[in-house]
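Only one structure is covered here, and it is reproduced in the block below.
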Amino acid sequence: MVDFAEVLVPAEQEGTKAVVRNWLKQPGETVALDDPLVELETDKVTQEISAPAAGILDEIVMVSGADVVPGSVLGRIRLTEAPAGAGRQPEARPLACGDTGAADSERFSPAVRSAGQQYGIDPAKVAGTGKDGRVTRSDMDAAFKATQQMVSDEEPSSSRSRILARDPIGPRSHMITHTPMRLSIARHMQQSVTTAPHVTSIFEADFTAVIKHRESNRTAFAAKGVNLSYTAYIVGACVAAMQAVPEVNSRWHDDHLEIFNDINIGVGMALGDKGLVVPVIRQAQDLSLSAVATKLQELTNRGRAGGLTNTDMRDGTFTISNHGVSGSLVAAPIIINQPQSAILGVGKVEKRVVVREVDGVDTIQIRPMAYVSLTIDHRALDAHQTNAWLTRFVETLEGWRG
């Protein structure tokens, strides 16, 4: 009797839908324990699934481009102590859904072939970056992008006609296939605005005290290899505001409001055109400014390197959108990261003219100011709680003493 080991989608994805991106092995190939076997892409990360046992990949159940959920069977490995016929080329087995490898041993997944048809690009002419030089869907996307850049408006060609619409009446256009991350973000945003009535309140915050404290301490932090960012202060001010108005750190249920004791703050991190991820700083109420800054730097470094995991982005109870880093002054409403009850928006810090009373006399001063907003689920929170939270948040920033 032949024994098999199933290759499963990890359970820790917490229900997030994933897409099979690329198989790194093909049926008939020998695999070792923990060999990278298949890539999955969720709305947040791309992860490799390793072989749960040694043997021969017997069957691919979920082909590239298939939607999967935690627990789905991706494929099966035929267990062998010493595979029969070792030392000779393993027999090639057809992939599910009629995927038949190429005669020259370079096999293209359904996602790659689909991209080839959509983009008008021959996969055989694309340099592969996958396992053993295999062409991946990402390689096809990159080749398509490069083709767009190379083709000029004045150069009619057969490849261009496949990329650009040639409607003589309407404008020319081209298609950009949605990534699984972009599709998941779109669904999540639509679900949030459909589920929760959004209301936004906007305050102004003076960052003078924060900047002064940062300038006095950033060298000491840098000596420890830590970048003391404004975001670390913002996280600290959020904790203070949550302690004053704990209802903001909550989740709405039809028959009750669940208020979290732990303050797990997600920080939005843009990945360029790819989308957005939100790594979470857990139990921020127990962390010092130094610990928050250290954790932020760790998450940022791994995020930029594509090393975040689903565990890094789960269990958030509140989210910060620091949209000011890209120049925005105000953004409203910022869509709530369901099932949370609120999200903070922080605009660009810039010098503005303000009026400050000194010894009973109004004076005109130049201060580093930023607009801060709190968008709430109006089912869970009202204006009184919203404004009380923002008041404490601003007071903490403006009175920062370390």
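Might you let me know whether the range 68-84 holds any residue that is at pLDDT below 80, outside the structural domain of ARG302 (by TED's automatic domain parsing), part of a loop (DSSP other than H, G, I, E, B) and of a type in the set (Gly, Ala, Ser)? Yes - at least one qualifying residue is present in the range 68-84.
Per the listing ILE343, ILE336, the residue uniquely modelled with pLDDT of 95 or more, within 28 Å of the chain's Cα centre (by Cα) and not in a loop (DSSP other than H, G, I, E, B) is ILE343.
Scanning the range 358-392 for residues that are in contact with a Phe, Trp or Tyr (Cβ under 8 Å, 6 or more places away or on another chain), buried (at least 20 other Cβ atoms within 10 Å of the Cβ) and assigned to a helix (DSSP H, G or I) returns a single hit, LEU390. The residues in the range 242-278 that are at pLDDT 95 or above and within 18 Å of ALA305 (Cβ to Cβ) can be counted, and the count is 1.
When ASP315, ASP362 are checked against the criterion of being without any contact (Cβ under 8 Å) to a residue 24 or more places away in the chain and either charged (D, E, K, R) or within 17 Å of MET189 (Cβ to Cβ) (or both), a single residue qualifies: ASP362. The set of residues from the range 117-142 being surrounded by fewer than 20 Cβ atoms within 10 Å (Cβ to Cβ) and among the hydrophobic types (A, V, I, L, M, F, W, C) comprises ALA124, ALA127, ALA142. Of all residue pairs spaced 6 or more apart or on separate chains, those with beta-carbon atoms under 7 Å, a first member in the range 187-207 that is in contact (Cβ under 8 Å) with a residue 24 or more places away in the chain and in the same structural domain as ASP254 (by TED's automatic domain parsing) and a second member that is buried (at least 17 other Cβ atoms within 10 Å of the Cβ) and part of a helix (DSSP H, G or I) are SER201/THR386; SER201/LEU390; PHE203/LEU390; PHE203/VAL394; ALA205/VAL394; ALA205/LEU397; PHE207/LEU397. Residues in the range 179-206 that are assigned to a helix (DSSP H, G or I) and either closer than 30 Å to ARG352 by Cα or within 13 Å of the chain's Cα centre (by Cα) (or both): PRO180, MET181, ARG182, LEU183, SER184, ILE185, ALA186, HIS188. Of a type in the set (A, V, I, L, M), assigned by TED's automatic domain parsing to the domain that holds HIS198, over 30 Å from HIS256 (Cα atoms) and surrounded by 20 or more Cβ atoms within 10 Å (Cβ to Cβ) - does that describe any residue in the range 316-329? No, because not a single residue in the range 316-329 is of a type in the set (A, V, I, L, M), assigned by TED's automatic domain parsing to the domain that holds HIS198, over 30 Å from HIS256 (Cα atoms) and surrounded by 20 or more Cβ atoms within 10 Å (Cβ to Cβ). Can you tell me which residue in the range 197-236 is surrounded by the most Cβ atoms within 10 Å (Cβ to Cβ), limited to those that are in contact with a strand residue (DSSP E or B) (Cβ under 8 Å, 6 or more places away or on another chain) and of a type in the set (Gly, Ala, Ser)? Checked the range 197-236; the qualifying residue surrounded by the most Cβ atoms within 10 Å (Cβ to Cβ) is ALA205.
For the residues GLU258, GLU215, the requirement of being farther than 20 Å from GLY345 by Cα, assigned to a strand (DSSP E or B) and outside the structural domain of GLU41 (by TED's automatic domain parsing) singles out GLU258.
Pairs meeting the criteria (first residue in the range 209-231 and touching a residue at least 60 places away in the same chain (Cβ under 8 Å), second residue assigned to a helix (DSSP H, G or I) and among the hydrophobic types (A, V, I, L, M, F, W, C), beta carbons under 6 Å, at least 6 apart or on different chains) are VAL210/LEU397; VAL226/ALA293; LEU228/PHE221; LEU228/ALA293; THR231/LEU296.
On the basis of being in contact with a strand residue (DSSP E or B) (Cβ under 7 Å, 6 or more places away or on another chain) and either modelled with pLDDT under 95 or assigned to a helix (DSSP H, G or I) (or both), does ILE176 make the cut? So ILE176 does not fit the description; no. Among the residues of the range 327-342, those that are in contact with a helix residue (DSSP H, G or I) (Cβ under 8 Å, 6 or more places away or on another chain) and aliphatic (A, V, I, L, M) comprise ALA331, ILE334, ILE335, ILE336, ALA342. For VAL353, the criteria (1) part of a helix (DSSP H, G or I); (2) free of Cβ contacts under 8 Å to residues at least 40 places away in the same chain hold in every case but one, which is (1). The residue that is surrounded by the fewest Cβ atoms within 10 Å (Cβ to Cβ), counting only those in the range 20-67 that are among the charged types (D, E, K, R) and assigned to a strand (DSSP E or B), is ASP67.
The values are calculated or read from the model by the stated rules, or taken from the named source; none is laboratory data. Note that the coordinates shown come from a computational prediction; the quantities given were computed from them, not determined experimentally. Positions of Cβ are backbone-derived with ideal geometry, glycine not excepted, and every protein chain shown enters the neighbour counts.
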